[in-house]
Amino acid sequence: MRRSVAVLFGLGLGLAATGPARAGCDVRAWSKDRDPAGLNVRAAPGTGAAVVARLPPPRREGEETIAVEVHVVGSRDGWLEIDRAEFSGYDLPAKTVFGGRGWVSGRLIDVSVQDERVRAKPTTAAEVLDAPRERPLGGREILRLDRVLACEGRWFEIEGRFTDDAGAEARATRGWVTGLCGNQVTTCP
């Protein structure tokens with residue numbers, strides 16, 4: 001059964017969610033929502049859907065700020081379906097803060113991208129649309145995610161920007177990336 005859910009944009013105009021849900025995702029990521037009330041988990045993809053849970057905001061652990069990590073299993077129209085969320089830190093076991101299915105906005109999710117080549121499709125055989133460039137005075141651009149649009153397998157379709165080490169905006173980009181690492185406190189293999 002396909003649901004249409006009102007999505008509110010800008011001036012409060014309602015538009016229906018139209019695309020089918022993408023299933024078959026398997027990506028860990030984390031919340032970048034700084035709202036002290038927490039990240040809304042909704043019953044369906046859209047701001048008009050009921051809030052079924054709120055994930056805790058980031059917390060301080062020593063000198064680090066740690067956000068709740070989510071497991072993404074599907075996507076639709078810029079919303080990501082999750083099946084669990086947990087806090088984990090350097091020396092602490094993971095603590096589940098949400099179990100079950102729900103939807104979070106792709107604007108409020110982040111992940112470390114270890115393969116920063118932006119591709120036209122979610123396959124390594126696809127055309128590379130963009131990649132980090134070397135800076136004239138040394139260093140290399142870094143890919144920063146603004147929004148996750150969709151997922152497929154271990155790929156995210158993203159809107160983002162390449163910036164220099166100082167964070168100055170370089171250029172916008174959009175496409176599919178892989179080599180995703182959802183652990184904030186260590187590197188992924």
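A quick yes/no check of all residues on (1) closer than 15 Å to ILE109 by Cα; (2) at pLDDT below 90:
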site	(1), (2)
GLY139	no, yes
LEU143	yes, no
LEU149	yes, no
GLU152	no, no
ALA166	no, yes
ARG171	no, yes
ARG174	no, no
THR186	no, yes
PRO189	no, yes
(request) Output the residues belonging to region 39-57 that are closer than 19 Å to VAL111 by Cβ and more than 15 Å from the chain's Cα centre (by Cα). (result) PRO56, PRO57
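Yes/no matrix, rows are residues, columns are (1) hydrophobic (A, V, I, L, M, F, W, C); (2) in contact (Cβ under 8 Å) with a residue 12 or more places away in the chain; (3) in contact with a helix residue (DSSP H, G or I) (Cβ under 7 Å, 6 or more places away or on another chain); (4) over 28 Å from GLY46 (Cβ atoms):
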position: VAL128; (1), (2), (3), (4): yes, no, no, yes
position: GLU159; (1), (2), (3), (4): no, yes, no, no
position: THR173; (1), (2), (3), (4): no, yes, no, no
position: TRP176; (1), (2), (3), (4): yes, yes, no, no
(request) Could you tell me which residue of region 100-130 is farthest from the chain's Cα centre (by Cα), considering only residues that are modelled with pLDDT under 95 and surrounded by fewer than 16 Cβ atoms within 10 Å (Cβ to Cβ)? (result) GLY100
(message) I want to confirm something. Restricting to region 21-65 and keeping residues that are crowded, with 20+ Cβ neighbours inside 10 Å and in contact with a Cys (Cβ under 7 Å, 6 or more places away or on another chain), which single residue is nearest to PHE98 (Cα to Cα)?
(response) VAL27
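Here's the yes/no breakdown for (1) free of Cβ contacts under 8 Å to residues at least 12 places away in the same chain; (2) outside the structural domain of ARG28 (by TED's automatic domain parsing); (3) closer than 22 Å to VAL72 by Cα; (4) not aliphatic (A, V, I, L, M):
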{"site": "ARG84", "(1), (2), (3), (4)": "no, no, yes, yes"}
{"site": "PHE87", "(1), (2), (3), (4)": "no, no, yes, yes"}
{"site": "LYS95", "(1), (2), (3), (4)": "yes, no, yes, yes"}
{"site": "ARG117", "(1), (2), (3), (4)": "no, yes, yes, yes"}
(message) Go through (1) over 16 Å from the mean Cα position of the chain (by Cα); (2) surrounded by 14 or more Cβ atoms within 10 Å (Cβ to Cβ) for ARG84 and report which single condition fails.
(response) (1)
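The values are calculated or read from the model by the stated rules, or taken from the named source; none is laboratory data. Just so you know, these numbers come straight off a predicted model, no measurement behind them. Reconstructed Cβ throughout: ideal geometry from the backbone, glycine too, with neighbour counts over all protein chains shown.
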